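Following: one structure in structure tokens, then a few remarks.
Values in this text are rule-based calculations from the coordinates and carry no lab data. Model, not experiment: these values are computed from the prediction. Counting neighbours? That spans all protein chains shown, and the Cβs are built from the backbone with ideal geometry, glycine included.
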Amino acid sequence: MAPHPVSVVGGGIIGLSIAWECARRGHDVTVYDPDPGRGASHVAAGMLAPVGESYFGERELTELLLECARRWPAYAAELAAATGHDLGHRTEGTLQVGLTADDLAELRRLWTYQRELGADVLALDGDGLREREPLLNPRARGVLVASDHQVDPRRVVAALRELVPVRREAVRSLSGLDGTVVLAAGCASATLAGLPVRPVQGAVLRLRGQAVPRHVIRGYADGRPVYLVPRRDGEVLVGATVEERADGHATAGGVRDLLRAATDLVPELAEHALAEVSVGQRPGTADNGPIVGRLGPDLLVATGHYRHGVLAAPYTAQAVADLIDGRPLPLLWEPFTPQRPTAGGAR
Ligand code: GLY
């Protein structure tokens, strides 16, 4: 395909990944964002967790996300090689754990479902669990999902920003931009193109201290859902609330519940410094699936990634760049076009 001007509206992990992929294919790309990388990508934990984030009734989405996860190791290696950045890509796997009998009953239903999807969900006894993760509460029980990994989204964004030109401008209208326009503006896609994307707010905590778990840990503590994502530099991310609001405020109750669940699962976290409380808006859709495809002859969209933006970024970039290059959307993306009824229907 001959080099082509491409304007990407939105400089989060989705927009930047698309821009890098287009640049790698020789296109002349510009990203527009007044504050690149400071939206949902700045708050995201970076779990690459198609198994842990699989939910009943979302089989097509899980199949897409499993393929997204397969692409991450090569993508992380290429991005690290292109920039020299450490992206915090870690492959120790994820422990899914519960504390009470009710927590474990809920988790067992999920594990059965995850196994039906073909996921490798390895049962561990109490000793096996603590051997892998000595910091866990001795009452915790659970499994290892070796294929659910993590990356640090802030590091990924910093690396991508070195590779693509970003104009720090707010786009108010999609007309007047150069070449093919790709709308990748998360929640702002609703006002820019009338897409049914709504903000689903999430508060995330960042703790700092000496005792840092070895694995991503997720599950329930006395009915409270939580995930813990340890970074090599001593940070432990605790997430996340899921709230149908968009006021940008963390609530005292939300923070209390996250801290209670985190310290119930890993008691030593109570000694950590509470270094940061951040709040972001996940771009949610009616069926929790992304909206990726063509909106017009020179207008493409990649938004609505909800809980899966980091995981789906590399494959989203490939799908969008394929469309720009005149190729069809890869088959796994077909259920997630803007033409499906839950995304507003045919335009
Ligand atoms: N992907 C985790 C979250 O959205 O909280």
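The H on the amide N of Asp28, modeled in the peptide plane, is under 5 Å from the matching H of His4, Val6, each at least 5 residues off or on a different chain.
3J(HN,Hα) along segment 18-26: 4, 4, 5, 4, 5, 4, 5, 8, x Hz, from the Karplus curve 6.51 cos²θ - 1.76 cosθ + 1.60 with θ = phi - 60°, whole Hz, x for Gly and Pro.
How tilted is helix 101-116 with respect to the longest principal axis of the chain? Cα atoms for both, answer in degrees (0 to 90, nearest 10). Its long axis makes an angle of about 50 degrees. Sparsely packed loop sites in segment 22-107 (the chymotrypsin sites (Phe, Trp or Tyr not before Pro) outside DSSP H, G, I, E and B with at most 15 other Cβ atoms within 10 Å) comprise Tyr55, Phe56.
Using C-alpha pairs under 8 Å with a sequence gap of at least 6, the mean separation divided by the residue count of the chain gives a relative contact order of 24 percent. Taking each residue as 0.36 nm, the span from Glu131 to Ala246 lengthens on full extension beyond its C-alpha to C-alpha distance by 37.3 nm. Taking every DSSP beta bridge that has both residues in the chain, what percent is antiparallel when rounded to the nearest 5? If I count the DSSP bridges inside the chain, around 70 percent turn out antiparallel.
The length gained by stretching the chain between Glu169 and Arg208 to full extension, at 0.36 nm per residue less their Cα-Cα distance, is 10.6 nm. Residues Ser147, Ser173, Ser7, ranked from the fewest to the most other C-beta atoms within 10 Å, line up as Ser173, Ser147, Ser7.
Helix 309-324 and the longest principal axis of the Cα set of the chain meet at an angle near 20°. Taking amide H atoms as placed 1.01 Å from N in the peptide plane, the amide H of Ala275 lies under 5 Å from those of Arg206, Leu207, Arg208, each 5 or more residues away in sequence or on another chain. Net charge near Ala159: determine it from the other residues with C-beta under 12 Å of the C-beta of Ala159, scoring Lys and Arg +1 and Asp and Glu -1. Residues close to Ala159 contribute a combined charge of -1.
Under the simplified labelling scheme, the Asp120-Asp28 pair shows an inter-label distance of 4.7 nm, with each label point 7 Å from Cα along Cα→Cβ.
Only Cα pairs under 8 Å and 6+ residues apart enter the sum, and on that basis the relative contact order of segment 11-162 stands at 35 percent.
Residue-wise HN-Hα couplings along segment 118-132, as the Karplus relation 6.51 cos²θ - 1.76 cosθ + 1.60 with θ = phi - 60° gives them from phi, are x, 6, 8, 10, 8, 5, 10, 7, x, 5, x, 5, 6, 4, 6 Hz; Gly and Pro carry x. In this simple spin-label model, placing a label point 7 Å from the Cα along the Cα-to-Cβ direction at both Tyr55 and Thr112 gives a separation of 2.0 nm. Annotation: peptides 254-260, 19-25, ranked by per-residue average of other Cβ atoms within 10 Å with the highest first, follow the order 19-25, 254-260. The alpha carbon convex hull volume per residue for segment 257-311 rounds to 133 Å³.
Listing Asp127, Asp287 from the residue with the fewest other Cβ atoms within 10 Å to the one with the most, what is the order?
Ranked by crowding around the Cβ, least crowded first: Asp127, Asp287.
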